Amino acid sequence: MNFAATQLTSHPAALLGVNIDHVATLRNARGGRFPDPVAAAQLAVEAGADIITFHLREDRRHIRDEDVERLKEAMHVPLNFEAAVTDEMLGIIERVRPEHVCLVPERRQEVTTEGGLDVLGQFERVKDACTRLAAAGCRVSLFIGADPAQIDAAARAGAPCIELHTGAFANAWWDQDSAAMAAELDRIRAGLRIGRSLGLQTNAGHGLAVWDRPAPHPMQSSAAAIAALPEVEELHIGHALVGHAVFVGLRQAIADFKAEIVRARTRD
Ligand code: PXP
């Protein structure tokens, strides 16, 4: 099934923001320095990433404050700093001054950002944050569901950009549920168009994946289906990209360790 291929022609490709949070998750599992998310960000750029995305969570479960400082120092592509709308985060962002900020909802108990920001429900707070961060020179994006009322509120709050949450679509893809995928894709496409009609930059992300082995595949990947929508200007992808690296990189990793072990007793 190819959901949106007819729209592909004449639009430049969406930019790819590589989210490096889960390189830090892996590092933090052992509490040491490896694998280093900043080294991963540098490799990501060498491999074609247009933007480096990271989420400094309130509980610092993956990216930490010192990672942010090091990213700011080392990277020469735009940084997209995802953060909750809290005074602590706004203060850090004003000091670091990343090119892009994406304001997200955050709950301590969640395993990932489960839904979009409720802009309507905290309109003044979000509007103030947009004003503060614009004054710091950041392009502000709001991570929201494809809900017309939230998209309209994002525009009224003064955000120049929205990122629509693709998690429900991605889950339907993992389930290979064509009906749910089609419904979610329609919702996202309609949301993107509303955003565009309000003059917003329209991005998308969350949960998107590619197939972990060569074709033939029963369906277009979830990343491809969303990337094919011409209104999508940037995609921000993390967990499945790091997961994919396990499959495409594990063979080489084992070969490197095996070679090192064999060489260890053959050196004179
Ligand atoms: N976009 C935003 C705003 C996010 O919060 C996240 C997760 O940190 C992503 C994209 C990437 O989602 P995933 O890791 O599922 O690809």
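The values are calculated or read from the model by the stated rules, or taken from the named source; none is laboratory data. Please read these numbers as outputs of a predicted model, since none were measured by experiment. Here the Cβ is made from the backbone with ideal geometry for all residues, glycine too, and neighbour counts use every protein chain on show. Remember, those area values only see protein heavy atoms, side chains included, never the ligands or the DNA or RNA. Shrake-Rupley method; radii C 1.70, N 1.55, O 1.52, S 1.80 Å.
Miscellaneous remarks
- Taken over region 70-98, residues that are farther than 20 Å from Leu43 by Cα and in a loop (DSSP other than H, G, I, E, B) amount to 4.
- Listed conditions (1) within 13 Å of the ligand (Cβ to nearest atom); (2) surrounded by fewer than 20 Cβ atoms within 10 Å (Cβ to Cβ) are all met by Asp177, apart from (1).
- Search result, residues across region 112-149 that are under 11 Å from Val101 (Cα atoms) and β-branched (Val, Ile, Thr): Val140
- Taking the listed residues Pro105, Pro98, the one that is within 11 Å of the ligand (Cβ to nearest atom) and either touching a Ser or Thr at 6+ places or on another chain (Cβ under 9 Å) or open to solvent by less than 10 Å² (accessible area, probe 1.4 Å) (or both) is Pro105, with no other qualifying.
- So Leu117, is it assigned to a loop (DSSP other than H, G, I, E, B) and within 17 Å of Ala155 (Cα to Cα): yes
- Residue tally, condition within 11 Å of the ligand (Cβ to nearest atom) and assigned to a loop (DSSP other than H, G, I, E, B), over region 190-226: 4
- Condition check for Asp186 on (1) free of Cβ contacts under 8 Å to residues at least 12 places away in the same chain; (2) within 30 Å of Asp128 (Cα to Cα): one failure, at (2).
- Filter result (open to solvent by less than 20 Å² (accessible area, probe 1.4 Å) and in contact with a strand residue (DSSP E or B) (Cβ under 8 Å, 6 or more places away or on another chain)) within region 219-230: Ala223, Ile226, Leu229
- So Leu120, is it within 16 Å of the ligand (Cβ to nearest atom), surrounded by 13 or more Cβ atoms within 10 Å (Cβ to Cβ) and not aromatic (Phe, Trp, Tyr): no
- Region 159-169 - residue that is within 12 Å of the ligand (Cβ to nearest atom) and crowded, with 24+ Cβ neighbours inside 10 Å and, of those, farthest from the chain's Cα centre (by Cα): Phe169
- Residue list for region 113-143, filter: among the aromatic types (Phe, Trp, Tyr) and under 17 Å from the mean Cα position of the chain (by Cα): Phe143
Condition check ((1) surrounded by 21 or more Cβ atoms within 10 Å (Cβ to Cβ); (2) within 23 Å of Ala136 (Cα to Cα); (3) modelled with pLDDT of 95 or more; (4) within 18 Å of the chain's Cα centre (by Cα)) across all residues:
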residue: Ser10; (1), (2), (3), (4): no, no, no, no
residue: Pro37; (1), (2), (3), (4): yes, no, yes, yes
residue: Thr53; (1), (2), (3), (4): yes, yes, yes, yes
residue: Ile63; (1), (2), (3), (4): yes, yes, yes, yes
residue: Met75; (1), (2), (3), (4): no, yes, yes, yes
residue: Leu79; (1), (2), (3), (4): yes, yes, yes, yes
residue: Glu82; (1), (2), (3), (4): yes, yes, yes, yes
residue: Thr86; (1), (2), (3), (4): no, yes, yes, no
residue: Ile92; (1), (2), (3), (4): no, yes, yes, no
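- Considering (1) surrounded by 11 or more Cβ atoms within 10 Å (Cβ to Cβ); (2) farther than 20 Å from Ala146 by Cβ; (3) acidic (Asp, Glu), the lone condition that Glu260 does not fulfil carries the number (1).
- Scanning region 227-268 for residues that are of a type in the set (Gly, Ala, Ser), farther than 17 Å from Asn203 by Cα and within 16 Å of the ligand (Cβ to nearest atom) yields a count of 3.
- Every pair of residues 6+ apart whose Cβ atoms lie under 8 Å, when the first sits in region 53-69 and is assigned to a loop (DSSP other than H, G, I, E, B) while the second is small (Gly, Ala, Ser): Leu56/Ala83; Arg57/Ala84; Glu58/Ala84; His62/Ala24; Ile63/Ala24; Arg64/Ala24
- Condition met for Ala183 (part of a helix (DSSP H, G or I), open to solvent by 30 Å² or more (accessible area, probe 1.4 Å) and of a type in the set (A, V, I, L, M, F, W, C)): yes
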